[in-house]
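Read the structure below first, then the notes.
Quick note: the coordinates plus some simple rules give every number you see, no bench work behind them. Predicted model, so just to flag it, every value in this text is computed and none were measured. So basically every Cβ, Gly included, is an ideal-geometry build from the backbone, and we count neighbours across all protein chains shown.
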Amino acid sequence: MPDTVSIGTLTQAASAKPAPLAAVNDFVVKFANVNGSGSASANGLFAKSIIRMGVPVAARNIFPSNIQGLPTWYEVRVSGAGHLGRRGGVDLAVPLNPQTWDDDVKEISPGGYLFYDSTKPLPASKFRDDIYVIGVPLTAICNEAYKIPRERQLFKNICYVGALSWLINIDPAVIEQLLKEEFAAKPKLIPANLAAFNLGRDYAQKHLKPIGLQLQKSDAVGNRIFVEGNAAAALGAVYGGATVCAWYPITPSTSLAEAFTGYCEDFRMNPDGSNNFAIVQCEDEIASIGVVVGAGWNGARSFTCTSGPGISLMNEFIGLSYFAEIPAVIFDVQRGGPSTGMPTRTQQSDLLLAAYASHGDTKHPLLLPADPGECFTMGAQAFDLSDRLQTTVFVMLDLDIGMQEWLVEPFQWDDKRQIDRGKVMTAEMLEAGTFFGRYTDVDGDGIPFRTYPGTHPDKGAYFTRGTSRNRMAGYSEKGVDYQDNMERLLKKFHTAATLVPGPITREAKKKTRIGAIYFGSTTPAMHEALEALEAAGHHINAMRVRAFPFSQDVYDFIHAHDEICVVEQNRDAQLRSLLMIEGGIDASHLTSILHYDGTPITARFLFDAIGKRLEARKATRQVTSKADKQ
C-alpha cells in the first residue's frame, strides 16, 4: 500500500495499478471550481466540519484576482498529527472546472481518488489508469430537484459535500449544526441547504462505498480557533491601543481594515455612544500614510494596512517618519509582484522594500509573524515598539497568513500589561526644568525624548523636521550636525535589535554543522520537513527569525555552522541579502532554498530541496575524503 503518512514523494510500480490509498485522518483533498460559482461557502463548510470532528486541517484557498469566471482552488490538508502547512500532492481531487481538468487530474497521487460530476460521459483519455474514479451525477440530481438555474448551481456545491461526507465519514450531525450557525440570521435557508446536502449523501449511500481515506473523531483540535491572520492582526491593533486607521483598499490587506472597523465598533465606543476611534478610507496610499504620520505626531497610535505596491507609494512619508522620528505602524500583507504581479497569490517579497524604505540611509524594524496567533501578539507589540523607537514599524504578513484561516491557540492577553509610550516628556518634567533637546540622546540608546503637542503652554514645544537639524531641532546644514544625527539614528536601530522578538531555535537530535534559517508563513511546512529529514537521517539545526534588525543570536547561529540553508518565498533571496548586508556574512556560507510560484510552500518541496542539498554536500565530502586518502 502506498505510504500516505510520509511527506516524501510517492512512487508507483510501473507494472501494476497501485492499491487505493488508505489513511485515517491524514490526507489531502483539493477542490477545483470556477470563481463566482458559490463554491467557497461549501468548501469552507467541508473544512470546518472536519475541525468540528476534532481533526486538525490546514485549508488553503487559491483564488484569481477577478470577481468571477476564472479558476479557483481550495485545498484541505487533513492531519491528525496536527501539521498545519501544505504537504504537497493530492489524494482526493474534486475537479469541477473543465478548464483545469487535465492539470487537476495530473496532481492526484497514484492510488488516489477522482470525484467528479458524471452527468455527461467523458472519454477515457480524461482519466488515468493509476487512480480510482468516483462519479456522481451532480448536475442531473440538482436539475431534477431545482427549477431555478442559480439554485441548481448553488445547491450543487452543497450536494457534493453531502456525497463526500459519506465517502470519507463526515458526521452529518456536524454539518447540520454548522448550517444552523451559518444561517442563524436567515433560518429559512437552513432546511434548503440541509436538503441539498442529503441529496448528495443519499445518492452516495445507495450507489457508492466509502473510500480508503477516512475520518475518525478525535480531540486533536482541542480548544484551538480557526481564524484569518488579517482579523488577528486587526484585533492585536485594538489591544495595542490603536485608535486611528487610515487606509486605501488593496488585495490582500483590505480585510484587515474592515476587521479593525468591526472590532472598534465593539470595543472602542465611548459610554455616550460616540466613537473613540477614527477610520479614514483615503483617496490613495500616499494620503493614508500621511494621515498616520500626522496622527502619530499628535500622540495617537495609528496605522495603515497595505501591500507592496502601497509601500512603494508611501516611501516619502516613511522617510519623514524615520528622520523626524514619528511613530507609525504599517501592516504589509505581501503578495506576488512586481507591479500588479499576482495580487491574489502569496510571496515573501517585500523584505528589502520595507527594511530600507524611502531614499537616503534608512532602516526600519520588521516583525515577522508565523501564524495568526503571532499576528495578534505582534500586531499589539508593534505599537509599543513604534512609540518606544519613534519610527515606522512594519508587521510583515503575507496573503497565506492574512487571508487564510489557520488553526491557532486562543489569543492570550495580560490585563496587567501597560502600554509603553517610550520617552515622552511630561508637563511636570518640563515645569521642573528637566532638560529637553528634541534630538538629543541623553542615555546612549539613540532614542531622544519627545513631547506631545500642547503638553505645556510655553515649554517643550519643538519643530518636527524632515530637514537636517541640530540636537535642539534647530535647522542646520552643517555636516557635523547631519552626521551626528545619522549616527544617532543608527545607534537607535541597534537598540531596536534588543527590543524586537528574538529568534527561536530547533536543535537536531544529533550534532550537526548544517543549519537552516526561515521565517513567517514558511514555518509549519518547515517544521514538518525538518521532522521528515530527521527521520531520513538528515540532521539539521534550524532557526526561525521573528524580526529585523537581527539579534546577535542570529549571527552566532550562522557562525556556528559550516553551511546555512536560507528558506524563503521570493526569487531574489531577500532574507539572505539582509543577512549578508547587516551581518557581513559571506555569500558562500548561505545556500538559498527558494519557492516563488505564488502558492504556499509545501513540506514535500522543502524535504526534497533541503534533502538534495544535504546529499550533494555528503557526496562532495566523500569525494574529498577519497582524494585525501589517495
Relative packing of 269-282, 392-405, 423-436, which averages over residues the other C-beta atoms within 10 Å, highest first
392-405, 423-436, 269-282
Calculate how steeply helix 229-239 sits against the longest principal axis of the alpha-carbon atoms of the chain, using the helix alpha-carbon long axis, and give the answer as 0 to 90 degrees to the nearest 10.
40
Could you list, in their original order, any pairs among Lys120/Lys206; Lys17/Lys48; Lys511/Lys612; Lys17/Lys209; Lys423/Lys478 whose Cα atoms are separated by more than 22 Å?
Lys17/Lys48; Lys423/Lys478
Neighbour-count ranking [beta-carbon atoms within 10 angstrom, fewest first] of Cys159, Cys375, Cys565
Cys565, Cys159, Cys375
What distance in nm separates the two pseudo spin-label positions at Glu144 and Arg621, each 7 Å out from Cα along the beta-carbon direction?
6.5
For region 226-408, Rg(Cα) over 2.2 N^0.38 Å is 0.93
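Would you mind counting up the charge near Thr599? Only other residues with Cβ under 11 Å from its Cβ, with Lys and Arg at +1 and Asp and Glu at -1. Walk me through the numbers on the way to the answer.
Numbers: positive: Arg60, Arg86, Arg345; negative: Glu75, Asp400, Asp597.
Value of the local net charge: 0.
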Hey, what D do you get for region 508-630 in µm²/s if you plug the Kirkwood alpha-carbon radius into Stokes-Einstein at 4 °C and 1.567 mPa s?
86
Using only the alpha-carbon atoms of region 427-499 as identical scatterers, what base-10 log of I(q)/I(0) does the Debye formula give at q = 0.16 Å⁻¹?
-0.62
Inter-site label distance for Asp458 and Thr495 at 7 Å from Cα along Cβ, in nm
3.1
For region 237-300, what are the per-bin percents of Cα-Cα distances with bins 5 Å wide, up to the bin holding the maximum?
4, 18, 26, 26, 19, 6, 2, 0
For Phe557, Phe183, order by how many other beta-carbon atoms lie within 10 Å, fewest first
Phe183, Phe557
Does anyone have the angle between helix 523-535 and the longest principal axis of the chain? Alpha-carbon axes, 0 to 90°, nearest 10?
60
For region 361-445, what is the largest minus smallest coordinate of the Cα atoms on each principal axis, given in angstrom and ordered from greatest to least?
54, 38, 18
Three-way shape label, region 23-214, alpha-carbon gyration tensor, a/c 1.5
rounded
Between helix 39-52 and the chain, what is the angle of the helix's C-alpha long axis to the longest principal axis, kept within 0 to 90° and rounded to the nearest 10?
90
I want to check the label-to-label distance for Ala185 and Lys510. Put each point 7 Å from Cα in the C-beta direction and report it in nm to one decimal.
5.8
Using Cα-only point scatterers and the Debye equation, what is log10 of I(q)/I(0) for region 266-323 at each q in 0.15, 0.26, 0.27 Å⁻¹, rounded to two decimals?
-0.50, -1.08, -1.13
With 0.36 nm assigned to each residue of separation and the Cα-Cα distance removed, Thr440 to Lys126 gains 105.8 nm
Take the alpha carbon atoms of region 568-602, find their center, do the same for region 164-180, and report the distance between the two centers in whole angstrom.
43
Checking rank on 16-28, 61-73, 407-419, with mean other Cβ inside 10 Å and highest first, the result is 16-28, 61-73, 407-419
Just to confirm my numbers, what's the Cα centroid distance between region 464-511 and region 117-140 in Å?
63
How do Arg335, Arg513, Arg604, Arg224 line up, fewest other C-beta atoms within 10 Å first?
Arg513, Arg224, Arg604, Arg335
Prolate/oblate/rounded label for region 421-566 (Cα gyration tensor, a/c 1.5):
prolate
Find how many whole Å separate the alpha carbon centroid of region 278-326 from the alpha carbon centroid of region 406-437.
21
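For the chain, what ratio Rg/Rh do Cα atoms give with a Kirkwood hydrodynamic radius?
1.02
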